[in-house]
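Working notes for the structure below.
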Amino acid sequence: IRMVAFMQYLRIFVVVLTASAVSHLLLGGHAADLPAPTWSPGFDAPLIPLFQTLLLVLAGVFIGRMGRIPAGALLIPMVFGAVLNSLGFIHITLPPWLLWAAYASLGWYIGLRFTPETLRHTLWVLPQLLLAVVALMALCGLAAWMLTVWADVDPLTAYLATSPGGLDSIAIIAADSGCDLAFVLSLQSLRLFAVVLTGPLVARLICRINGRSACGMA
C-alpha cells in the first residue's frame, strides 16, 4: 500500500504540474475570473443538509462493505449521492472543516505507514516510476488528440478530460481555465468508475499470473 501510495502521489504531482503548464500555454496566461478562495472553516453550515450528507456517507460505506462490492465504500456514496442530490431529495453539504479532516485522516493513514526501508526502495526505483508516469501521460495525450480530431472537442478540454487524475485537482484546474467543465468532470468520473470497477479484477489476475510464474520457477 505504501508503494502504491507513493506511485499514485508521484503521478498526481507530475500530472498536475503538466496540466497547469498546458492550461497556461493554451490560454496564453489568461484564466477565468473566479471568486477568491476562503479559509473560513464553515462551522455555520446548515445542520440538516450536513446531517443528511453524513448519514449518506455512513450508510454507503456500510452497504458497500456488507455487500462486498469492489471499492463499495467509495462507489455507493458517490452513486447514491449523485442520484439523490440531482433529484432534490438531499442537498450535499461539505463544509471546509469536514474536508480538511478527511484529507488529514487520509494523509496520516498513508504517511504513517512509510518506513525508511520503503523510502529507500522507492527512491531506488524513482526513474522507472517517472518513466511509467510519462508513458501513461503520452497515452492519455493520444486519447486527447483523438477527441479533438474525431469529436471536435477543444484541445484544452480534451487534455484535461483525459488527464490521468486526480479528479479533484483536475477539476480545480478545469474550473480555473474556463473550459468545458461538465465534459471534463463527466469523462474523469467515467474514468474513475472504470478504474475502480476493473482494478480489483486486474489485480487478482496479475497476482495469479505472478503466483504461477513463481511456482514454475520453483
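The values are calculated or read from the model by the stated rules, or taken from the named source; none is laboratory data. For clarity, every value in this text was computed on a predicted model and none was experimentally measured. Counting neighbours? That spans all protein chains shown, and the Cβs are built from the backbone with ideal geometry, glycine included. Surface accessibility is based on the protein's heavy atoms, side chains included, excluding ligands, DNA and RNA. Shrake-Rupley method; radii C 1.70, N 1.55, O 1.52, S 1.80 Å.
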Inset, instruction - State, as an integer percentage, the relative contact order of the stretch 47-92 based on alpha-carbon contacts under 8 Å between residues 6 or more apart. - result: 41 percent
Legend entry - Inter-label distance for ALA104 and LEU74, nm, one decimal - labels placed 7 Å from Cα along Cα-to-Cβ: 2.4 nm
Legend entry - Value of [θ]222 nm, deg cm²/dmol, for the chain, DSSP H segments ≥ 4, -39500 (n - 2.57) each, nearest 500: -26000 deg cm²/dmol
Legend entry - Test item: Cα-centred dipole of the chain, Lys/Arg +1 and Asp/Glu -1 on Cβ, debye: 1180 debye
Legend entry - Solvent-accessible ranking of ARG11, ARG113, ARG191, ARG208, largest area first, probe 1.4 Å: ARG208, ARG113, ARG191, ARG11
Legend entry - Accessible surface of LEU187 - all protein chains present, 1.4 Å probe, nearest 10 Å²: 50 Å²
Inset, instruction - Go through 104-112, 129-137 and give me the packing order, highest mean Cβ count within 10 Å leading. - result: 129-137, 104-112
Legend entry - Span-like helix ranges in the chain, DSSP H, alpha carbon extent 18 angstrom or more, Kyte mean at least -0.5: 2-27, 47-66, 72-87, 96-111, 126-150, 181-217
Legend entry - Rg and Dmax of the chain, Cα atoms only, in Å: 20.0, 63
Inset, instruction - Could you rank the peptides 178-184, 60-66 by their average count of other C-beta atoms within 10 Å per residue, with the highest value first? - result: 178-184, 60-66
Inset, instruction - Can you check what the net charge comes to around GLY165, using other residues whose Cβ is under 12 Å from the Cβ of GLY165 (Lys, Arg +1; Asp, Glu -1)? - result: +1
Inset, instruction - For TYR9, TYR103, give the ranking by accessible area with the largest first, probe 1.4 Å. - result: TYR103, TYR9
